[in-house]
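The values are calculated or read from the model by the stated rules, or taken from the named source; none is laboratory data. Owing to the predicted nature of the structure, the values given are computational and were not obtained by experimental measurement. Quick reminder, even Gly has a Cβ in these numbers, built from the backbone with ideal geometry, and neighbours come from all protein chains shown. Calculation scope for accessible area: heavy atoms of the full protein, side chains included, ligands and nucleic acids excluded. Shrake-Rupley method; radii C 1.70, N 1.55, O 1.52, S 1.80 Å.
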Amino acid sequence: MNDHPLFEPPDWLDREDEVLAPYAMRTRLSKGRRHPEPAHPFRTAYQRDRDRIIHSTAFRRLMYKTQVLVSQTNDHHRTRLTHTLEVAQISRTIARQLGLNEDLTEAIALVHDLGHPPFGHAGEAALHECMKEHGGFEHNRHGLRIVELLEYRYADFPGLNLSWEVLEAQAMHSKRPDAPEIQPFLTGGQPLLEAQVVDAADSLAYDTHDLDDALSVGLITLADLHEVEFCRRASERVRRRHGVIAPEQFQPTLVRALIDWQVTDLLEQTRERLRRHRIRTVDDVRQAPEALVGPSPEVCALKMDLEDFLHRRVYRHHRVMRMATKGRRIVSALFQEFCRAPELLPERYRRRATSDGLEQTVCDYLAGMTDRFAQNEYLRLYQPHTDV
Ligand code: MG
C-alpha cells in the first residue's frame, strides 16, 4: 500500500485572495478578452497572456532589435529581448514584495516593448516621419496592433486575444492618447499598480544597463562616472562593502548596487504613498491623485542627472549616432521604395495592402523587421549581386 500523499495544487484564483494585497488586481475581476474563451484548466488568464506573448513571433524578434547599440556591435550588450527580460525580472520582484499580481505584472512587462521597430528610437522616429500623413507611428500603438491584429497564430481570433488589463497597460503608455485605438482604454483613472511597477522597472532597468553597455563597449570609462553623483555614491557603497576590487568585478557590482538602491527606494516610497493615500482597493488605485509607484525625490534627482549624462555621453556618442543615422536611412529608404513599388512586397503583405492601405501595410512590414533583416532587405533592394 502506498500512503504517500499526492500534492494537490491549490486553486490559484483562491490563492490570489489569500496572498495578494487588497489593492492588487485579481484575475477574477478581469474585464476578460475581446473574444471570450473558456478558462484553462490550470493556468490563470494572465499566465496564459504571458505564455502567448512569449510564443509570439514579435517576441522572438526582440532578440535582434536594437536597445541602444545595434545587435552586430558585439554579442554581450543588451538587445530589446534581454532588456525585456530584465524589466520582467525586476518587475516581478517588486510586485511580489508589494503583494501585487505577479502573473499580470510579468505579462505587462513582457509585452511592453513588443511594438518597437528595428534600430531603436532612430527607427521609430524615421517610421513616424514616413507615416506623418497617415496617423504617424508610435511603438506603444504598434504594440497594440501586433497583439490585437498582426499576430496570426490562432484560428479563432486575430492577434493574441490578451486580457483587457494587459492591453490597457500598453495603451496607457501611449504618447498619443487621442488616437482612436487608445481611447477605449482611457476610462479608468490611474493605471493599475501592476502597470505602474513595470513602468518604473523599465526606466530603472534601461538607465542602469545602458550605463553598463556603454562601459563594456568603451563609449565611456569608469573614470567618466566621477561626474555622475549617483555613480559616485553607489561606488562608495561598493568600496565600503568590498574594498578595492578588479574592474571586471567592479563594473557589475556597481550596476547591481545601482539597481538594488533604486528598487529598495522604490519599495519604500511606494509603500509610503499607499499609506498616505490610504489605498485599500483597486478602485482607490484608479482614483488616486498621483501615480503611486515611483522613486523618492532624492533618487529621482540622481536618476535625472544620470540620464542627462547618458544623453550627452552615450546616446549622442558619434558611434551611436552613426548607427542611428544609418538605421533611419534604411527605414526611410525601404518605406519609400515599397510605397513606390508595392510589387516588391512579399505576397502576404501585398494582399493586405488592398484592405489596410499601402502605407500602413508597409509600416507594419517595416516595424516587424529585426535590425539585420532590415539591413539585408536594404541590400537586396539596392545592392547589385545580392541574393533576392
Ligand atoms: Mg522598455
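Things worth noting here:
- Across the stretch 149-159, computed HN-Hα scalar couplings (Karplus, 6.51 cos²θ - 1.76 cosθ + 1.60, θ = phi - 60°) run 9, 6, 5, 9, 8, 10, 6, 8, 7, x, x Hz from first to last residue, x flagging Gly and Pro.
- Projecting label points 7 angstrom from Cα along Cα→Cβ for residue 340 and residue 175 puts them 2.8 nm apart.
- The count of lysine pairs in the chain whose Cα atoms are under 27 Å apart, excluding pairs fewer than 8 places apart on the same chain, comes to 9.
- Counting protein heavy atoms only, the stretch 144-232 has 54 percent of its accessible area on carbon and sulfur, 1.4 angstrom probe.
- Net charge of the neighbourhood of residue 24, taken over other residues with C-beta under 15 Å away and scored Lys/Arg +1, Asp/Glu -1, is -3.
- Around the amide H of residue 114, modelled in the peptide plane, lies no amide H under 5 Å away from a residue 5 or more places distant or on another chain.
- Formal net charge of residues neighbouring residue 254 (Cβ-Cβ distance under 14 Å; K, R +1; D, E -1): -2
- With the largest listed first and rounded to whole Å, the semi-axes of the equivalent ellipsoid of the stretch 41-191 from the Cα gyration tensor are 23, 21, 16.
- For the peptides 345-357, 290-302, 185-197, the ranking by packing is 185-197, 290-302, 345-357, with the highest mean count of neighbouring Cβ atoms within 10 Å listed first.
- The overall shape of the stretch 111-198 is oblate: from the C-alpha gyration tensor, with semi-axes ordered a ≥ b ≥ c, the ratio a/c is 1.5 or greater and a/b is no larger than b/c.
- Entry note, the chain: the mean residue ellipticity at 222 nm calculated from DSSP H runs of n ≥ 4, each adding -39500 (n - 2.57), is -18500 deg cm²/dmol after division by the residues and rounding to the nearest 500.
- Histogram of C-alpha separations across the stretch 47-129, 5 Å bin width, %: 3, 16, 22, 21, 17, 12, 7, 2, 0
- Accessible surface, the chain, averaged per residue in Å² (probe 1.4 Å): 50
- For the listed peptides 162-172, 250-260, a ranking on the average number of other beta carbons within 10 Å per residue, highest first, reads 162-172, 250-260.
- The stretch 276-341: proportion of alpha-carbon pairs further apart than 19 angstrom, %: 65
- Charged-residue dipole, Cβ positions (Lys, Arg, Asp, Glu), the stretch 64-168 about Cα centre, Debye nearest 20: 240
- Estimated translational diffusion coefficient (Stokes-Einstein, Kirkwood radius over Cα pairs, 20 °C, 1.002 mPa s) of the stretch 220-358: 108 µm² per second.
- Judged by the gyration tensor of its Cα atoms, with axes a ≥ b ≥ c, the stretch 1-44 is oblate; a/c meets the 1.5 cut and b/c is at least as large as a/b.
- Taking the convex hull of Cα positions in the chain, its mean projected area over all directions (nm²): 25.0
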